Amino acid sequence: MSLQPIRLFGDPVLVTPAATVIDFDKELRTLVADLTETMLDAPGAGLAAPQIGVPLRVFVWDVDEALGHLINPTLDLSEEIQEGEEGCLSFPDMRYDTPRAFRAVAKGWNMFGEPITVEGTELLARALQHETDHLDGILFIDRLSKADRKSAMKEIRESDWFGIAAASGLTPHIKLSPHDTFGRSL
Ligand code: ZN
């Protein structure tokens with residue numbers, strides 16, 4: 001297991017659809033372990049493989065003190081919507097109101113290739129949707145209202161971190177505020 005640098009917005013891997021996992025092998029289990037370790041260190045409530053530069057359909061979460069992981073997910077969403085703020089570990093210190101389905105049922109596989117179903121509401125449902133979006137190259141700023149998206153882009157352009165990744169090919173490891181517990185990023 002090893003801690004991996006988190007890719008920041010501007011890195012092309014974040015807007016590239018990830019590939020379906022074919023081999024449920026030792027390498028995949030190492031990926032799940034690395035994702036989990038990196039998410040817990042950040043700390044975040046979820047992390048998808050593209051965020052550590054691995055273009056595969058895998059993500060992990062840590063919601064309500066329960067760790068989980070899912071591979072090759074498909075989502076079934078409620079029509080009922082939840083409002084609330086959302087952040088992303090690939091956008092340090094940014095939070096915006098992001099509407100999401102209130103309930104999500106995710107189907108996929110665990111790292112041993114066994115089929116699993118995960119059902120969640122509120123934060124878990126939000127995490128499942130946010131992370132599945134990452135696998136499709138969709139970012140939370142794509143889900144914002146037009147006005148918020150404009151503010152977010154301005155905040156990104158003015159941030160200390162934006163452009164560093166693109167300029168150097170390296171990504172700084174930025175820790176979120178330790179006070180930010182409920183509002184952990186995804
Ligand atoms: Zn994210």
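The values are calculated or read from the model by the stated rules, or taken from the named source; none is laboratory data. Keep in mind it's a predicted model, so treat the numbers as computed, not measured. All Cβ positions, glycine included, derive from the backbone under ideal geometry; neighbour counts span all protein chains shown. Just so you know, the surface numbers come from the protein's heavy atoms only, side chains and all, with ligands and any DNA or RNA stripped out. Shrake-Rupley method; radii C 1.70, N 1.55, O 1.52, S 1.80 Å.
Modelled spin-label separation between E155 and L67, with each label point placed 7 Å from Cα along the Cα-to-Cβ direction: 3.0 nm. On the basis of the beta-carbon distance and an R0 of 25 Å, D23 and T117 show a calculated FRET efficiency of 0.65.
Per residue, how much accessible area does the chain show when a 1.4 Å probe rolls over the protein heavy atoms, in square angstrom?
50
What do you get for Rg/Rh over the chain if you use C-alpha atoms and the Kirkwood form of Rh? With Rg and the Kirkwood Rh in hand, the quotient comes to 0.94. Gyration tensor analysis over the Cα atoms of segment 1-85 returns equivalent ellipsoid semi-axes of 20, 16, 15 Å (largest first, whole Å). The helix-only estimate of mean residue ellipticity at 222 nm for the chain, built from DSSP H runs of length n ≥ 4 each weighted as -39500 (n - 2.57), is -8000 deg cm²/dmol after division by the residue total. Relative contact order for segment 65-153: 27 percent, from Cα pairs under 8 Å spaced at least 6 residues apart, divided by residue count.
Our summary gives the chain a relative contact order of 27 percent, counting only alpha carbon pairs under 8 angstrom and 6 or more residues apart.
Using C-alpha pairs under 8 Å with a sequence gap of at least 6, the mean separation divided by the residue count of segment 75-118 gives a relative contact order of 38 percent.
Over the chain, with every protein chain in place, what whole percent of the accessible area is carbon and sulfur at 1.4 Å, could you tell me?
Reported share for carbon and sulfur atoms: 54 percent.
DSSP assigns beta bridges within the chain; of those with both partners inside it, close to 95 percent run antiparallel.
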